[in-house]
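The values are calculated or read from the model by the stated rules, or taken from the named source; none is laboratory data. Computed from a predicted model, the values in this text were never measured in an experiment. Here the Cβ positions follow ideal geometry from the backbone for every residue, glycine too, while neighbour counts run over all protein chains shown. Protein only, heavy atoms only, side chains kept; ligands, DNA and RNA dropped before computing areas. Shrake-Rupley method; radii C 1.70, N 1.55, O 1.52, S 1.80 Å.
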Protein chains: 2
Amino acid sequence: MNESVKSVIKENQELYKQWLIDFCAIPSVAAQNRGMDESLKFLQHLFDTYVKEDIEFIPTGGYPVAYSHIKSKVPYTISFYNHYDVQPEDPIELWNTPPFEATEIDGKLYARGIADNKGNLIARLAAIHAMKQVNPELPINVKFIFEGEEEIGSVNLPAFAEKHADKIQSDGNIWEFGYRDADDRLQVSLGVKGMVYVELSVEVANTDLHSANATIIESPAWRLVWALSTLKDQNDRILIPGFYDDVIPPTEEEMSALSQYLYDEKANKEYLEISRFVNNLSGIDLKRKHLFEPTCNICGIDSGYKGEGSKTVLPHKAFAKLDFRLVPGQDPNKILQLLRNHLDEKGFKDIEMKVFGTEFAARTHPNELLAKAVIETITENTDVPPNIVPNTPGTGPMYDLCQRYGIPSVSFGVGNFASNNHAPNENIRLIDFYEHIELVADVVERFANKLQSEGVDSNYATN
Amino acid sequence: MNESVKSVIKENQELYKQWLIDFCAIPSVAAQNRGMDESLKFLQHLFDTYVKEDIEFIPTGGYPVAYSHIKSKVPYTISFYNHYDVQPEDPIELWNTPPFEATEIDGKLYARGIADNKGNLIARLAAIHAMKQVNPELPINVKFIFEGEEEIGSVNLPAFAEKHADKIQSDGNIWEFGYRDADDRLQVSLGVKGMVYVELSVEVANTDLHSANATIIESPAWRLVWALSTLKDQNDRILIPGFYDDVIPPTEEEMSALSQYLYDEKANKEYLEISRFVNNLSGIDLKRKHLFEPTCNICGIDSGYKGEGSKTVLPHKAFAKLDFRLVPGQDPNKILQLLRNHLDEKGFKDIEMKVFGTEFAARTHPNELLAKAVIETITENTDVPPNIVPNTPGTGPMYDLCQRYGIPSVSFGVGNFASNNHAPNENIRLIDFYEHIELVADVVERFANKLQSEGVDSNYATN
């Protein structure tokens, strides 16, 4: 590791922490159109005041992509994909601290979006800032691509990438997220799942009714329950005909990587206070299901009276929000069609389907130079070897931004197994944040060196 | 009808309307412990200032029963059962006027609880007030029994009735509710369904999780959906073994009354904007299901993210609130046990069951003197013959307060088929309110005369 860069990072720890605290104070919930402009202004301020490079806000039809290209004299490029939007903070009553006031407790900072994804965004910006303090000439072109719609399904990113294929092109991409396992190993993730997010809703009468009418007036809540119950059985098998048809099973190489991958069952059980995993799985079967199998999950369900005590009402509306995590081979648009066909065939034409987002799965080979650079950096600079995850259970627009354009993408970041992404009391450890800044700086140098020494033909050689 | 009483009622219309408006301003939502004391104070005020009789608040373990015994010199007694609590007002966004400010629009008054049950309570009190203005000596003992927990299942009323059997005893009871049909006929209801109200809930981990974990962490929302789907099939048949075993089918006499009973399918379809009834039923089959069959209704269901847009979360809790309306023969405590056994046998021991209330069904024979008095009063004093309903689809503690003690009970009241009980924009027509005051006064006199002329042995002869 470059000791000069490392010492600049150490000197600037308080500054970088303050960037993060200020960023987390902005409630940039894209789903609710809150704090989005303010986030862009804040990024503008960081680039103007500290990084001293241009940042542009590229229209997308939704929230803009904040984009910066920091040029160097070499014909290679590394890109960073992050997002400035966050998940909604509810259920707010389960937070121990205000979600939009980053609060430090026992070496951790708590705030909505701090792990997903503001901590990573700021750490990577800090790494480039520190490198430029030591040498204004970077060893490689650097591109920042900050999306504003990741938490609402990146609906406009595919078209953005198509339209600005030159801007997104790079020799390797560092993806937005990353976690430290319960056993302290840093995960290096080489793929993401795809997704379909839908809302299923049904409406019967034009008003809620006294529940005495449940004898003869149809119930939207029952319609929805019956429809949902046809989608997945109690053994967690998805029942939509054709759903599994296109799944590409993991390769031998991936299954072998899976046996190296650690999922700490005991720590997760204790942390979550659960007695068992789905279908009582453990070991390799549990890991295989977690990383390589698709899901059909109920994110939310709502109908009628949800308050204290009892209210005898026949609701007139019901809805459920579902996400399906998809694996390589599955086409989200085909899945949507299969779902609609299935509902129709089961007699649920009255159930309306609203699509909130679709994404393909993506995967990067562990022999890619960027993957090697990340793995070496972690191996040489930390005490614990990395945990190489051939495919993460999470989702992101990696296919649309990278795989589709031949760009390998690798994930590692500031989170940990108890970061509570998308949940109350989201947090990161400050030492992980500072370490990530150092590791990113090292990866950037190492990747540049590898590209040069191997004389790779750049994906994107122009400056 | 006693013309002197009628003219006193006419003179006092504005006063009685003001009583009602003031009463509706009190948000007496028992389920949420709001405005309950204030309601009792208001009743005290009406009795002190206008009725000039004693009212006492009898402890029950929950909210007190407000009780008044207005004595006369004859050995017969009529009782009125009403309740001063109301349903919660949510979803408040669907109200066109503030739910706790009675608002007059086109001859209707809109407010939470105005049809269920404050309109009836005030009208009956007004009838007795008016009768006393004409003759301070009433033709029969009058008892008012005003409960504060009807909307939360009357949990303490059975024990109250047992403990105060002398206080509740009467020769006939006028029950709390009543509606005018779409064709303008006043319903005279001779029975109520029973009820079981339960909340089914399930909890898995100790926090909501990123939905990527849905591969391996159990979902409470799915557990609940699967459990619910075992309770009732898509043909509305309840699947709990033994559920229908004790149902006493309607007698020939009741089926014959059913053919007289009007349910205006067209008006209800238009009003609710629905295209069909459950199972496409119509005619006598529809009426039979409505009045004589039990239900299993989802009053509310809740899990995870219910806001705008998308949130990819694996919720850690889910619950549903269910009411079962029961018919004569069904024992609510047995039904609870059957439900628990069924869930256990289907593999849902993890689903917790909280009981909010149980009630038996009750029914009064149309030949009872009070039933005759009500039917005659309506027939002689209104333009449209009554619609005699052998059993209403609604529920109330009629068994515990009346049938168990041999007291016949008859319902008629100020509501109409579009009163939106338990729903937004609850309302009554002012002309129905004023008419009910007159009719009640006539029923009281007529019932007293019938008892005397037939020389009935009173249930409760002491004064």
(request) Mind checking which of A:SER419, A:PRO99, A:THR215 is farthest towards the positive end of chain A's charge dipole, using Cβ charges of +1 (Lys, Arg) and -1 (Asp, Glu) about the Cα centre? (result) A:THR215
(request) Show that you can apply the helix-only estimate: for chain B, add -39,500 (n - 2.57) for every DSSP H stretch of four or more residues, divide by all residues, and state [θ] at 222 nm to the nearest 500. (result) -10000 deg cm²/dmol
(message) Give me the 1.4 Å probe accessible area per residue for chain A, excluding ligands and nucleic acids, in Å².
(response) 35
(request) Put a label point 7 Å from Cα along the Cβ direction on B:ASP48, then list its distances to the equivalent points in the other copies in nm, shortest first. (result) 6.8
(message) I need the inter-copy label distances for B:ILE431: point set 7 Å along Cα to C-beta, values in nm with one decimal, smallest first.
(response) 8.1
(request) Pop out the carbon and sulfur fraction of the accessible area of segment A:325-416 as a percent, whole number, probe 1.4 Å. (result) 47
(request) Between A:THR97 and B:ASP350, with labels modelled 7 Å along Cα→Cβ, what's the label distance in nm to one decimal, could you check? (result) 3.2
(message) Do any residues of segment B:2-36 show a loss of at least 40 square angstrom of accessible area between the isolated chain and the full protein assembly, using a 1.4 Å probe, and if so which?
(response) B:ALA31
(message) What distance in nm lies between label points placed 7 Å from Cα along the C-beta direction at A:GLU252 and B:LEU239?
(response) 4.5
(message) At 0.36 nm per residue, and after removing the present C-alpha to C-alpha distance, how many nm does the segment from B:GLU376 to B:ASN135 gain when stretched out fully?
(response) 84.5 nm
(request) Sorted from largest down, give the three principal axis spans of the alpha carbons of chain A, whole angstrom values. (result) 77, 46, 46
(message) If you build the convex hull over the alpha carbons only and average its shadow over all orientations, what do you get for segment A:194-312? Give it in nm² to one decimal.
(response) 11.1
(request) Could you pull out every one of the lysines with an alpha carbon less than 23 Å from that of B:LYS334, ignoring same-chain neighbours closer than 8 positions? (result) A:LYS311, B:LYS193, B:LYS232, B:LYS289, B:LYS321, B:LYS346, B:LYS349, B:LYS354
(message) I need the GluC sites (Glu not before Pro) found in segment A:240-279, filtered to DSSP loop residues with at most 14 other beta carbons within 10 Å of theirs.
(response) A:GLU273
(request) Just flag the trypsin sites (Lys or Arg not before Pro) in segment B:191-258 sitting in loop per DSSP whose Cβ has no more than 16 other Cβ atoms within 10 Å. (result) B:ARG237
(message) So if each residue of separation counts as 0.36 nm, and I subtract the Cα-Cα distance between B:GLU308 and B:ASN206, what length gain in nm does that give?
(response) 34.3 nm
(request) Determine the principal axes of the Cα atoms in segment A:11-57, then give the extent along each, sorted from largest to smallest and rounded to whole angstroms. (result) 37, 23, 10
(message) Are there any GluC sites (Glu not before Pro) in segment A:82-181 that are in a DSSP loop and have at most 15 other Cβ atoms within 10 Å? List them by number.
(response) A:GLU101, A:GLU137
(message) Give the separation of the Cα centroids, segment B:76-135 to segment A:105-131, in Å.
(response) 59
(request) Could you quickly flag the chain B residue whose beta carbon comes closest to the rotation axis taking B to A, and that distance in whole angstrom? (result) B:SER229, 2
(request) Give the value in nm², to one decimal: projected area of the alpha carbon convex hull of segment B:35-108, averaged over all directions. (result) 7.8
(request) For segment B:284-359, count the residues as N, evaluate 2.2 N^0.38 Å, and divide the Cα radius of gyration by that value, please. (result) 1.44
(request) Between copies, how far apart are the A:ASP457 label points? List them in nm, one decimal, shortest first, with each point 7 Å from Cα toward Cβ, please? (result) 11.1
(request) Please work out the Cα center distance from segment A:274-318 to segment B:304-335, rounded to the nearest Å. (result) 13
(request) Can you tell me the alpha carbon radius of gyration of segment A:273-322 divided by the globular rule-of-thumb value 2.2 N^0.38 Å? (result) 1.79
(request) Kindly identify residues of segment B:253-294 having a loss of at least 50 Å² in accessible area between the isolated chain and the assembly of all protein chains, probe radius 1.4 Å. (result) B:LEU272, B:VAL278, B:HIS290
(message) My understanding is that a pair violates if its Cα-Cα distance is over 30 Å; which of A:LYS167/B:LYS306; B:LYS6/B:LYS71; A:LYS52/A:LYS167 do that in this structure?
(response) A:LYS167/B:LYS306
(request) Using only protein heavy atoms and a 1.4 angstrom probe, determine the accessible area buried between A and B, summed over both sides, in Å² to the nearest 100. (result) 7600
(request) Grab the alpha carbons of the protein assembly as shown, take their convex hull, and tell me the volume per residue in Å³. (result) 168
(request) Tally up the carbon and sulfur contribution to the accessible surface of segment B:1-155 as a whole percent, 1.4 Å probe, everything protein left in place. (result) 48
(request) Using only alpha carbons, build the gyration tensor for segment B:95-211 and give me the equivalent ellipsoid semi-axes, biggest first, whole Å. (result) 36, 24, 15
(request) Could you work out, for segment A:120-176, what percent of all Cα-Cα pairs fall into each 5 Å distance bin, beginning at 0 Å and stopping at the bin that holds the largest distance? (result) 4, 14, 22, 23, 18, 10, 6, 2
